[in-house]
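Structure, as structure tokens:
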Protein chains: 2
Amino acid sequence: MPQKVRIALDAMGGDNGPSVVVPGAELALERHPDIAFVLFGDKVVLEPLVVQRPRLAAAAQIVHTDVAVKMDAKPSQALRQGRWKSSMWLAIDAVKKGEADVAVSAGNTGALMAMAKFNLRTMAGIERPAIAALWPTLRGESIVLDVGASIGADVEHLVDLAVMGSAMARVLFDLERPTVGLLNIGVEEVKGLEEVKEAGAILRDANLPFLDYLGFVEGDDIGKGTVDVVVTEGFAGNIALKAAEGTARQIAEYLRAAFSRTLQAQLGYLLARKALQTLRDKMDPRKVNGGVFLGLNGVVIKSHGGTDAEGFAAAVDVGYDMVRYELMSKISHTLIRHARTDLGSSKVGEAIS
Amino acid sequence: MPQKVRIALDAMGGDNGPSVVVPGAELALERHPDIAFVLFGDKVVLEPLVVQRPRLAAAAQIVHTDVAVKMDAKPSQALRQGRWKSSMWLAIDAVKKGEADVAVSAGNTGALMAMAKFNLRTMAGIERPAIAALWPTLRGESIVLDVGASIGADVEHLVDLAVMGSAMARVLFDLERPTVGLLNIGVEEVKGLEEVKEAGAILRDANLPFLDYLGFVEGDDIGKGTVDVVVTEGFAGNIALKAAEGTARQIAEYLRAAFSRTLQAQLGYLLARKALQTLRDKMDPRKVNGGVFLGLNGVVIKSHGGTDAEGFAAAVDVGYDMVRYELMSKISHTLIRHARTDLGSSKVGEAIS
């Protein structure tokens, strides 16, 4: 029997805490019976929820703490009050200590990133971590990063993002040489930010064996699936992600209104319902829940704070895949090969001259 | 009879040039019989197209030029080759000379902005022009700016964008005091770019009579219609706009596929067709075509390059409204009042201290 995938859960994280985390864990366990959970949180609340789910109870261990990071805590505040003892910290710490393979939290992003950085530290050769999102596209799925770990990016960080994102694409999409694009405005080489142009020149000239750099892409290329990996700094990435989510919700709202407008439309809906279910699944933001923290010495998955059990289970699924397909070691290998090809900042001036 | 609205058209602009511009002008004329057009472009091509449309022929004048700015020309190239003589330049120049009230072009954005800046110059008190987009929302429409005139924004530019955007909202949406939000990542005051934070502090403290500053908004607030005016710098704004357009197209694609999947779904579609038409109209990017160049001494409207006659007509409509409801004078008045309330950079340090 292969080894279990050990997943540490911040059971108190998210808008709804244990009432979403516990049933979410149960759902993920149904799909992946080889998961072993450690739930960090208030035993008094967690135990009854776990006990009434015999299968989960057999695969889960509860570690008590009565400290939980608040959803509106500032990162510095969360660190001050929640370090060493909060459910969020302990979940990350289990990864640090090698007691878990991945940590999943629906807690607040700033606090989670601050604790993950503080405790796990960035990988050798990586300056700043990133958050990668899975983005449904017309061709399947793409990875978009950074979607909000940090604001602004210098040339080196953009190249790091390309390397980390392509490693993740190789793992999740099983691709030899994922295609990579830099998010920009206008596809002509003349436009856009200096850093983006320079990073593009470096990636093009390097012609790396583990990623296929295709050039600049624009906002509408993300949904088209023009590339497997879309690289951008965290401010624009976060805004793109939320603008797209907002648009999807907006159209869903329009559709609901359209189908309830007349009796005839309601009947039409009934007939087309099955076919529309596929669409609903594709548009369901819960199905692609789970931002992956990249660039740290350990895998941490951020679930949407306001998600339900299905959404939380999707975040656990992402963590599971990362471990099963050995994301961390693949990123490390890529980084080592990347370092060998010598794309450090010393090369920058040369590449663009 | 009130005065005509005089609209100058770059008849050679866009992917399809006259074959879209001329029928587009005809459509706009049907809706607004008080338009007088001047079409700049190749008379040999334009004349037959105009002559076969008697109503348009009666309301349009053709001014010949055989120079057209290429869709892939760099701004500097376009200026060098197209100044004084191209259809794009001449349309803008008609506004400059007071021979037209507004210019509309589907030509390339960079060239159009470069020529408009060079010829019309920025308004007194405005450092950099902006492109404002109309964005369909769950509550109607909002204005988002800047969507790509320039990259990056200092505090003063962001405040200018808020002032110009709210003037446009007052004109187009007939509002006394439009609500304004600054696009950011995370609504907590602690997050985001320094410039955005400072601009927020200034707008909040100023409590301007002609705009109601509501604070930070996120990418998904745009589609919700949380505010009438969304202010951001051009890189993030352009990416948000295109990411949303991409998502809308993606979902339209899914819908088409869903409705053709089975006979039953096809029948359902037929029954719901009328109701879905409303949805299609709402999602139709052509209906909100027309980026408005703000901050120049004259109104220039940019239509999508790849649009059809319906889309081009929508861009003409936007230009028409701008003139009819006196956008320019309202922006000027607002700027003068804005200058009086003394929000210059001298105030910045004070406001955030």
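No lab work stands behind these numbers, since they all come straight from the coordinates. Note that this is a predicted model, so its numbers are computed, not measured. Using ideal geometry, Cβ is built from the backbone for each residue, glycine included, and neighbour counts are taken over all protein chains shown.
Computed values, structure above
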| read-out | value |
| --- | --- |
| The stretch A:5-120: relative contact order in percent, alpha carbon pairs under 8 Å with at least 6 residues between | 35 percent |
| Shape of the stretch A:6-71, Cα gyration tensor, a/c cut at 1.5 | prolate |
| For A:D15, residues with placed amide H under 5 Å, excluding near neighbours | A:G306, A:T307 |
| Hz values of 3J(HN,Hα) by residue in the stretch B:36-43 - Karplus curve (6.51, -1.76, 1.60), Gly and Pro given as x | 10, 9, 10, 9, 9, x, 6, 4 |
| Distance-filtered residues of the stretch A:155-172 - backbone nitrogen under 13 Å, label point 7 angstrom along A:S329 Cα→Cβ | none |
| Interchain or long-range residues, amide H under 5 Å from A:V67's placed H | A:S87 |
| Theoretical FRET efficiency, 1/(1+(r/R0)^6), r = Cβ-Cβ of A:E47 and A:D281, R0 41 Å, to 0.05 | 0.75 |
| Pair-distance profile P(r), taking every C-alpha pair of chain B, with 10 angstrom steps and integer % | 6, 25, 31, 24, 12, 3, 0 |
| 9 Å beta-carbon shell around B:D220, net charge (K/R +1, D/E -1) | 0 |
| Compactness relative to 2.2 N^0.38 Å, alpha carbon Rg of the stretch B:252-291 | 1.37 |
| Gyration tensor verdict on the stretch A:155-252 (Cα atoms; rounded if a/c is under 1.5, prolate if a/b is larger than b/c, oblate otherwise) | oblate |
| Calculated Rg and Dmax of the stretch A:5-120 using C-alpha coordinates, Å | 13.1, 39 |
| Cα-based Rg of the stretch B:181-323 normalised by 2.2 N^0.38 Å, two decimals | 1.33 |
| Fraction of beta bridges assigned by DSSP in chain A that are antiparallel (%, nearest 5) | 30 percent |
| Average Cα contact separation per residue, chain B, under 8 Å, 6 or more apart, as relative contact order % | 22 percent |
| Dimensions in Å of the protein assembly as shown - Rg and Dmax from alpha carbons | 27.1, 88 |
| Percent antiparallel among DSSP beta bridges (both partners in the protein assembly as shown, rounded to 5) | 30 percent |
| Linear extension gain, B:D72 paired with B:A58, 0.36 nm per residue minus alpha-carbon span | 1.7 nm |
| Pair B:R31, B:E141: separation of 7 Å Cα→Cβ label points (nm) | 0.8 nm |
| Extreme residue, positive dipole direction of the stretch B:5-120, given options B:G17, B:H32, B:G98 (C-beta unit charges) | B:G98 |
| Dipole axis of the protein assembly as shown (+1 Lys, Arg; -1 Asp, Glu on Cβ), positive-most option in B:A257, A:Q81, B:F210 | B:A257 |
| Highest-MSF residue in chain B out of B:L214, B:L90, B:L56 [GNM, Cα springs under 10 Å] | B:L214 |
| Amide proton proximity set for B:G215, modelled H, under 5 Å, gap of 5+ | B:L182 |
| Which listed pairs, of B:K224/B:K274; A:K85/A:K117; A:K96/A:K197; A:K4/A:K274; A:K282/A:K302; A:K242/A:K302, have C-alpha distances above 27 Å, in listed order | A:K96/A:K197; A:K4/A:K274 |
| Net charge, A:H32 excluded, C-beta distance under 11 Å - Lys, Arg +1, Asp, Glu -1 | -1 |
